[in-house]
Structures are given as structure tokens and as C-alpha cells.
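A quick write-up on the structure given underneath.
The values are calculated or read from the model by the stated rules, or taken from the named source; none is laboratory data. Computed from a predicted model, the values in this text were never measured in an experiment. As a convention, Cβ positions derive from the backbone with ideal geometry for all residues, glycine included, and neighbour counts pool all protein chains shown. Ligands, DNA and RNA are stripped out before the accessible areas are found, and what is left, the full protein with its side chains, is counted by its heavy atoms. Shrake-Rupley method; radii C 1.70, N 1.55, O 1.52, S 1.80 Å.
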Amino acid sequence: MAIKHWHEAERPREKLIRRGAQALSDAELLALFIGHGPGGSNAVDLGQDLLRQAGGLRQLLDMPREQFCRLRGIGPARLALFKGALEMGKRYLDQRYIREEPLREPCDVGPLFMSRLRAHPCEVFAVLFLDNRHRIITYEELFRGTINAAVVYPREVLRRALEHNAAAVILAHNHPSGDPEPSSADRCITRTLVKALELIDVRVLDHLVIGDEKWVSMASRKMF
């Protein structure tokens, strides 16, 4: 049955307005962006089918474009809607950290790095630039690599720190394997960056290694 023929209180859009977005199932949330399903099916039916094909909401939204567009009932237009909504949610969460108050602890920004880096299929190296009161200036993803490694150029990190007039940085990179345990290469590049940034009076507060739903603070483990 088409959604327009459902009881008004059970239609996803009306349910959200009356009861809040938290009242909607994953399939109903997807239906808001799908609009209508193919071949007489409704948007909630298609949402349920997409979740079944992908294995869940997270797996669906993390899919690469080519794989996503092979799902039944999906094309580039709906991919754009889903990815746009996901990015908007990330930016909304990021705004918690772009604020006037200084950071209390470097690991407080773990969720920010997690939301930005966890789903990347390759290794990405990012830097959070801070002022002398440890307020966030900006977040940048500087280097991308293979599934196993990203080549990090210290001189580029120094150049960006000088351009932002940063007094401190928090480094982070993801492990696509999902295991956040720092490698010997992670410890080596961290020590290199600490020494290089000291030359321009910029402190490295932490280096976070992002895994699947968890991260490791190298500073808390005294790894540099």
C-alpha cells in the first residue's frame, strides 16, 4: 500500500513531526529521502529492502558509490540525498568543537575524528589546529594513502601550522582494518612530527589512532 493511503499517524513524515525523529525506524528514516519505491512498492518497503541488502544502516551509508548504485531501487540521485544527509549530520556534530571554549583534554575530540575518519576505506591523516588557548582553529585532512598506510610529509604539516598561526595540534589517522593499536610506523612519524613542530614552537598534544568504534590516544599511553 502506498504511504499516502496509510493512517496519517503512521506516515514517516507525519510521525516525525508529531513524535520526533527518534520515533522512526531506520527504514522510515530512509523513506523520508527515498520518496517512493519502484514497481508499486512504497518507500518504507524499499528502505527495509536496502537495509537487508546492505546488512544495516551503517553498512548502507558507508558503501562506496559503485556498490551503492548496484542496490535494487537506488541510483545516483538517491545516493546524493543519503550522502548529503550524512555529511550534514557530521558537520552538525563538528560544530560542538568549533567553539570559543578551550579543550579540556585532547581526547575530548575523539568523537570528531571518529565521525570523520572511521568510514574511510584508505588511511587518512588529519590534523586539528589549535590556538594558544587550545581553542580549535580548523580541522584538515592532509594526506591519503592505501588501505595500509598514508605517506605523511612533516614539512606540509609545518607549513599548514604556520599558515593557521597554530600554537598546538592534535594529530589523527584511521586504521581501515578497524584495529586502532598504534604501529611502530605510527610511533615513528609521531616522534618526527613532535621534533619538527618544536622548531616552530608548536606542541603536539596527542595523536589519536581511529579504529572501528574505538580509538587509542598515544599521549595517554606515553608513546611520544
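Yes or no: segment 44-63 includes at least one residue that is modelled with pLDDT under 85 and in contact with a Ser or Thr (Cβ under 8 Å, 6 or more places away or on another chain).
no
If a residue must be closer than 19 Å to Ala185 by Cβ and of a type outside the set (Val, Ile, Thr), how many such residues does segment 126-157 contain?
Residues in segment 126-157 being closer than 19 Å to Ala185 by Cβ and of a type outside the set (Val, Ile, Thr): 13 in total.
Name the residues in segment 45-99 that are in contact with a Leu (Cβ under 6 Å, 6 or more places away or on another chain), within 20 Å of Pro12 (Cα to Cα) and among the small types (Gly, Ala, Ser), would you?
Scanning segment 45-99 gives Gly47, Gly73.
Go through segment 70-103 and count every residue that is farther than 30 Å from Leu46 by Cα and at pLDDT below 80.
Qualifying residue count, segment 70-103: 9.
Find the residue count for segment 22-36, including only residues that are open to solvent by 50 Å² or more (accessible area, probe 1.4 Å) and more than 15 Å from Gly56 (Cα to Cα).
Number of matching residues: 5.
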